[in-house]
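**Student:** There's a structure below that I have some questions on.
The values are calculated or read from the model by the stated rules, or taken from the named source; none is laboratory data. Keep in mind it's a predicted model, so treat the numbers as computed, not measured. Using ideal geometry, Cβ is built from the backbone for each residue, glycine included, and neighbour counts are taken over all protein chains shown. Surface accessibility is based on the protein's heavy atoms, side chains included, excluding ligands, DNA and RNA. Shrake-Rupley method; radii C 1.70, N 1.55, O 1.52, S 1.80 Å.
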Amino acid sequence: MNETRQRVLDALADGPVSGPTLADELDISRSAVWKHVEALRDEGFEIRSDDAGYVLDSVPEFGASAVEYGLNAPFSVEYHDSIPSTNARARDLAADGASDTVVLADEQTGGRGRLDREWHSPSGGIWLSVLFRPDVPMAHAPVFTLAAAVAVTRAAREAGVEAGIKWPNDVLVRHGDEERKLVGILTEMEGESDRVSWVVVGIGVNANVDPADLPDDANPTSLSAERDEPVDRRLFAQRLLEEFDALRQDPANVVEAWREYATTLGKQVRVETPNGTIEGEAVDVEFPGALVIETESGREVVSAGDCEHLRPITE
Ligand code: BTN
């Protein structure tokens, strides 16, 4: 959002304020104040004028300004009602040199998942990609995928949905013996081996969508289905971004946070890796995100793969 407009909004958030006072405080003309207020109204902020001045009655349900308003993390947000893929857009922004930018959409028409799969992204979800430039070697980048999984799990739990994480980055909700997928994460990056240039962490949250509108093979669920009522997408996106921002600055502690929500540890797993299938008990996760599996022929450390939970060993 335009910086002056942001300051107008910040002033309104502190209580009623008159046009002349705003003009003085921001060192702009009264007509400029009026134009910013009108622009904010166009974006969905309900701003009343009464004797005390301008009063902020409500903020929009979703969108760039809605998510930026009151956000306690240094991201600027670009919003689209509909876009092919927020990850593709974030990659373009990366090529233009942007950083600390979030691309957010209500709907994606060409959402992408892991392993070149499609990701269904109907209207009502929270489809977002965070673009940033961490000062770490490429080999450490997987930790940001784990950080995203932790961030979104915390946001889901705050919203009353008991989510857990299946290695490496599926956020699931348990229903008896079954695990239903709530969130998918797709991380892309570029750089030299000693240093990352940019990372795009794409997070797809089935928020206010009907799981019946999503493909069955992923065994999907959604926040609204789990809660029996819609979630406030603005607050959810803010909490997710705030948690992610804190974790990305503290990579050494991400794995420990991840373990807290992991549903994979202690389970019998089958992992399809680029070098073959590994089966055994998942016993730990190591920085920056590798799974340690106790197999019949000893310990294996797997850094990437598709993981399936087999029968549980401990509950
Ligand atoms: C998975 O296969 O589980 C990962 C799915 C990732 C989907 C998200 S939605 C926002 C971002 N944009 C995309 O095109 N994909 C990711």
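**Student:** Calculate how large, on average over all directions, the projected area of the Cα convex hull of the chain is; give the answer in nm² to one decimal. Write out the running numbers ahead of the final one.
**Tutor:** Values: hull surface 71.5 nm².
That works out to 17.9 nm².
**Student:** Let me ask something else. Put a dot 7 Å past each Cα toward the Cβ at PHE287 and ASP42; how far apart are the dots in nm?
**Tutor:** 4.9
**Student:** Taking 22 Å as R0, compute the FRET efficiency from the Cβ-Cβ separation of ARG133 and ALA252 and round it to 0.05. Don't skip to the end; give the middle numbers.
**Tutor:** Values: r = 19 Å, r/R0 = 0.85.
In this case the efficiency is close to 0.70.
**Student:** Using the crude model of +1 on Lys and Arg Cβ and -1 on Asp and Glu Cβ, and no other charge, please compute the dipole size for the stretch 267-309 relative to its Cα centre, in debye to 20.
**Tutor:** Details: 3 positive and 10 negative charges, 12 e Å.
Rounded to the nearest 20 debye, it is 60 debye.
**Student:** On to the next question. Go through the stretch 19-36 residue by residue and turn each phi into a ³J(HN,Hα) via Karplus (6.51, -1.76, 1.60, θ = phi - 60°); whole Hz please, and just put x for glycine and proline.
**Tutor:** x, x, 5, 4, 4, 5, 5, 9, 6, 9, 6, 5, 5, 5, 4, 4, 5, 5
**Student:** Additional query: Could you calculate the FRET efficiency of GLU162 with GLU118 from 1/(1 + (r/R0)^6), where r is the beta carbon distance between them and R0 is 41 Å, rounded to 0.05? Working shown, then result.
**Tutor:** Numbers: r = 28 Å, r/R0 = 0.68.
Given R0 = 41 Å and the Cβ-Cβ separation, E is 0.90.
**Student:** ³J(HN,Hα) across the stretch 90-101 via Karplus (A = 6.51, B = -1.76, C = 1.60, θ = phi - 60°), whole Hz, x for Gly/Pro?
**Tutor:** 5, 5, 4, 5, 4, 5, 7, x, 6, 8, 6, 10
**Student:** For the stretch 1-152, what relative contact order do you get, as a whole percent, if you take Cα pairs closer than 8 Å and at least 6 residues apart?
**Tutor:** On the way: 212 pairs, mean separation 23.1, N = 152.
It rounds to 15 percent for the stretch 1-152.
**Student:** I would also like to ask the following. So if I restrict to the alpha-carbon atoms in the stretch 177-315, what is the Rg, and what is Dmax, the biggest pairwise distance, in Å?
**Tutor:** Over the stretch 177-315's Cα set, Rg and Dmax evaluate to 17.1, 49 Å.
**Student:** Would you report the distance distribution of C-alpha pairs in the stretch 85-238 as whole percents per 5 angstrom bin, up to the bin with the largest distance?
**Tutor:** Here the calculated profile for the stretch 85-238 is 2, 10, 20, 22, 21, 13, 8, 4, 1, 0.
**Student:** Summarise the accessible area of the chain (1.4 Å probe, protein heavy atoms) by the percent that is carbon and sulfur.
**Tutor:** Numbers: 6280 of 14600 Å².
Of all accessible area on the chain, carbon and sulfur atoms account for 43 percent.
**Student:** Further question: Normalised by the number of residues in the chain, what is the relative contact order in percent for Cα pairs under 8 Å and 6+ residues apart? Kindly include the intermediate steps, with their values, before the conclusion.
**Tutor:** Values: 650 pairs, mean separation 42.4, N = 315.
Contact order relative to length: 13 percent.
**Student:** Moving on. For ARG227 and ASP81, what is the calculated FRET efficiency with R₀ set at 25 Å and r taken between the beta-carbons, to the nearest 0.05? The partial results should precede the final answer.
**Tutor:** On the way: r = 24 Å, r/R0 = 0.96.
FRET efficiency, ARG227 to ASP81: 0.55.
**Student:** Compare the peptides 59-65, 168-174 by average per-residue count of other Cβ atoms within 10 angstrom and give them in order, highest first.
**Tutor:** Ranking, from highest mean packing down: 168-174, 59-65.
**Student:** Same structure again: Please express the shape of the stretch 20-163 as an equivalent ellipsoid: the semi-axes are the square roots of 5 times the eigenvalues of the C-alpha gyration tensor, given largest first in whole angstrom. Please report the intermediate quantities before stating the final value.
**Tutor:** Details: eigenvalues 237, 67, 53 Å².
The answer is 34, 18, 16 Å, longest axis first.
**Student:** Then there's this: Calculated from DSSP H runs of 4 or more alone, at -39500 (n - 2.57) each and per residue, what is the 222 nm mean residue ellipticity of the chain, nearest 500? Display every interim value, and only then the final one.
**Tutor:** Working: 9 runs with 93 residues, N = 315.
Rounded to the nearest 500, it is -9000 deg cm²/dmol.
**Student:** Let me ask something else about it. Whole number in Å², please: accessible area per residue of the chain, 1.4 Å probe, ligands, DNA and RNA not counted. Each step should come with its number before you reach the end.
**Tutor:** Working: 14600 Å² over 315 residues.
Ligands and nucleic acids excluded, the figure is 46 Å² per residue.
**Student:** Using Cα pairs under 8 angstrom and six or more residues apart, how large is the relative contact order of the stretch 267-309, in percent?
**Tutor:** About 40 percent, as a whole number.
**Student:** With +1 on each Lys and Arg Cβ and -1 on each Asp and Glu Cβ, how big is the dipole of the chain about its Cα centre, in debye rounded to the nearest 20? Walk me through the numbers before you get to the answer.
**Tutor:** Details: 29 positive and 60 negative charges, 47 e Å.
Taking the Cα centre of the chain as origin, the dipole is about 220 debye.
**Student:** Kirkwood hydrodynamic radius of the stretch 3-58 from all distinct Cα pairs, in Å?
**Tutor:** Details: mean 1/r = 0.0924 Å⁻¹.
After inverting the mean inverse Cα-Cα distance, the result is 10.8 Å.
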